[in-house]
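**Q** Quick one: the structure is below, questions incoming.
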Amino acid sequence: MATDQRYVRAGRGTDLFNAVVRWLTARGLSVWGSRVLAVRGRRSGEWRTVPVNLLEHDGARYLVAPRGHTQWVRNLRAAGGAGELRLGKHAEAFVADEVADADKPETLRAYLRRWKFEVGVFFEGVDHTASDETLLAIAPGYPVFRLR
């Protein structure tokens, strides 16, 4: 599979972890910056939700897809970047712009610095100490969105 089409299906452990984080976040308890991302399904038009790690870096907010071109990534693209971040009963609408691969290294580095313990398995040995060249090489497989 090409790097730019990288997609890692969630295993049982990831599904269980996500279910717990989604449940806590939906009740207003953020787990290390977690939010519930809500995006309209690209086929059904119904709201689809998934827990995400909201990264705040250099005065901007980002969503990074550690498992690659997942369903939420595809839905967000189809929705023109429009979605909601939910924490408890609070829902914040946003529009996201996808970050170009050449601009991803510092964001990926910051994401790994913060959440390597949780998502490192999806980065196959790459961590926040990786060179810019290494991060550029993997960038196509890790969609990144800047929120506005």
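No lab work stands behind these numbers, since they all come straight from the coordinates. Source: prediction; values computed, not measured. Positions of Cβ are backbone-derived with ideal geometry, glycine not excepted, and every protein chain shown enters the neighbour counts.
**Q** Considering only the stretch 118-148, how many residues are of a type outside the set (A, V, I, L, M), without any contact (Cβ under 8 Å) to a residue 24 or more places away in the chain and either under 22 Å from T14 (Cβ atoms) or surrounded by 18 or more Cβ atoms within 10 Å (Cβ to Cβ) (or both)?
**A** Step one: filter the stretch 118-148 for residues of a type outside the set (A, V, I, L, M), giving 118, 120, 122-125, 127-129, 131-134, 140-143, 145-146, 148.
Filter again for without any contact (Cβ under 8 Å) to a residue 24 or more places away in the chain, leaving 120, 124-125, 127-129, 131, 133-134.
Adding the requirement that they be either under 22 Å from T14 (Cβ atoms) or surrounded by 18 or more Cβ atoms within 10 Å (Cβ to Cβ) (or both) leaves 120, 124-125, 127-128.
Number satisfying all stated conditions: 5.
**Q** Is it fair to say A10 is over 24 Å from H90 (Cβ atoms), among the aliphatic types (A, V, I, L, M), out of contact with any helix residue (DSSP H, G or I) (no Cβ under 6 Å at 6 or more places or on another chain) and surrounded by 11 or more Cβ atoms within 10 Å (Cβ to Cβ)? Don't jump to the end; show me each part of the working.
**A** Values: over 24 Å from H90 (Cβ atoms): yes; among the aliphatic types (A, V, I, L, M): yes; out of contact with any helix residue (DSSP H, G or I) (no Cβ under 6 Å at 6 or more places or on another chain): yes; surrounded by 11 or more Cβ atoms within 10 Å (Cβ to Cβ): yes.
Yes.
**Q** I need the full set of residues from the stretch 47-85 which are of a type in the set (D, E, K, R), in a strand (DSSP E or B) and touching a helix residue (DSSP H, G or I) at 6+ places or on another chain (Cβ under 7 Å), in order please. Outline the logic, then answer.
**A** Going residue by residue through the stretch 47-85, those that are of a type in the set (D, E, K, R) are 48, 56, 58, 61, 67, 74, 77, 84.
Next, from what is left, pick out any that are in a strand (DSSP E or B): 48, 56, 61, 84.
Listed by number, the list holds a single entry, R48.
**Q** List every residue pair whose Cβ atoms lie under 8 Å apart, where the two residues are 6 or more positions apart in sequence or sit on different chains, the first residue falls within the stretch 95-117 and is within 10 Å of R146 (Cβ to Cβ), and the second residue, located anywhere, is charged (D, E, K, R) and part of a helix (DSSP H, G or I).
**A** Taking only residues 6 or more apart or on different chains, the pairs are E98/R77.
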